[in-house]
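The values are calculated or read from the model by the stated rules, or taken from the named source; none is laboratory data. Everything quoted here is computed from the prediction, not taken from an experiment. Ideal geometry is used to build each Cβ from the backbone, glycine not excepted, and the neighbour counts take in all protein chains shown. All accessible areas refer to the heavy atoms of the entire protein, side chains included, with ligands and DNA or RNA removed. Shrake-Rupley method; radii C 1.70, N 1.55, O 1.52, S 1.80 Å.
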Amino acid sequence: AEAVKLLCHPRQLAVGYELTGLIGCGAGGMVVRAHQEALGRDVALKTLNPHSRSAKTTGGSRIQREAHAIAKLRHPGIVAAFDSGFHQGRFCIAMELVKGESLASYIEREAPIPEWIAWEVARQVGHALSHACDEGIIHRDIKPANLMLDEPPTGTRLREGVPYVKVADFGLASLDDQSQQITATGATLGTPEYVAPEQLQEPNVDARADI
């Protein structure tokens with residue numbers, strides 16, 4: 001309902017952006033397609049649903065932390081951030097628009113995935129996570145739904161049939177040792193099917209949990 005409300009008023013979410021469609025909704029937030037009028041490009045705008053439970057607890061802090069996290073990163077295998085800020089009390093992040101599907105959708109359609117393709121995908125994600133680790137950022141929610149497939153940049157060498165992967169959704173990321181500031185006591189971060197065992201016990205993990 002909140003997404004429909006936003007799309008009915010396409011210029012009210014963020015100044016200079018016109019919403020053109022819905023990309024996806026989660027428990028606490030949503031991502032919409034938008035046109036950045038000043039630069040004439042299409043982007044993805046991520047914002048919170050103000051009526052969600054997470055938005056009323058730690059959601060606001062997490063989306064701002066996500067903006068700070070991806071703003072530090074400069075890697076072709078990580079979805080880039082262009083801008084962020086508040087408008088009428090709502091925080092938004094303007095990000096690179098990845099037009100392909102998620103790895104989760106790809107697996108569902110193509111399974112079983114040949115082992116050599118799985119290793120090539122893992123290698124790409126590993127490179128991106130290594131860069132994030134070098135910048136003091138731990139993702140903490142690596143899973144197929146958060147890995148987006150895109151057209152490879154000109155000059156990229158991939159074996160035929162191997163998708164080009166970009167890491168997305170740093171909403172649960174920790175920056176250096178500050179993750180405890182947004183983690184409720186006793187809370188578990190991550191997706192149960194994919195989370196590292198040690199993260200179930202302690203949210204302040206290091207890069208090994210992402211691997």
request  = Give me a count of the residues in the range 101-156 that are among the hydrophobic types (A, V, I, L, M, F, W, C), in a loop (DSSP other than H, G, I, E, B) and without any contact (Cβ under 8 Å) to a residue 24 or more places away in the chain.
outcome  = 2
ask   = For residue 93, all conditions in the list (1) touching a strand residue (DSSP E or B) at 6+ places or on another chain (Cβ under 6 Å); (2) outside any strand (DSSP E or B); (3) among the β-branched types (Val, Ile, Thr) hold save one; what is the number of the exception?
value = (2)
message = Take the residues in the range 1-35 that are in a loop (DSSP other than H, G, I, E, B) and within 24 Å of residue 148 (Cα to Cα); name whichever of them is most open to solvent (accessible area, probe 1.4 Å).
response = 27
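Confirm whether residue 158 is surrounded by fewer than 18 Cβ atoms within 10 Å (Cβ to Cβ) and in contact with a strand residue (DSSP E or B) (Cβ under 7 Å, 6 or more places away or on another chain). Steps first, please.
Details: surrounded by fewer than 18 Cβ atoms within 10 Å (Cβ to Cβ): yes; in contact with a strand residue (DSSP E or B) (Cβ under 7 Å, 6 or more places away or on another chain): yes.
When the stated conditions are applied, residue 158 passes them.
Kindly check whether there is at least one residue in the range 112-122 that is under 13 Å from the mean Cα position of the chain (by Cα) and at pLDDT 95 or above.
No, the range 112-122 has no match at all.
Matching residues to (1) under 20 Å from residue 158 (Cα atoms); (2) touching a Leu at 6+ places or on another chain (Cβ under 9 Å):
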| residue | (1), (2) |
| --- | --- |
| 65 | no, yes |
| 75 | yes, no |
| 87 | no, yes |
| 90 | no, yes |
| 96 | no, no |
| 101 | yes, yes |
| 105 | no, yes |
| 113 | yes, no |
| 125 | yes, yes |
message = Take the conditions touching a Pro at 6+ places or on another chain (Cβ under 9 Å) and at pLDDT 95 or above and apply them to residue 149. Does it pass?
response = yes
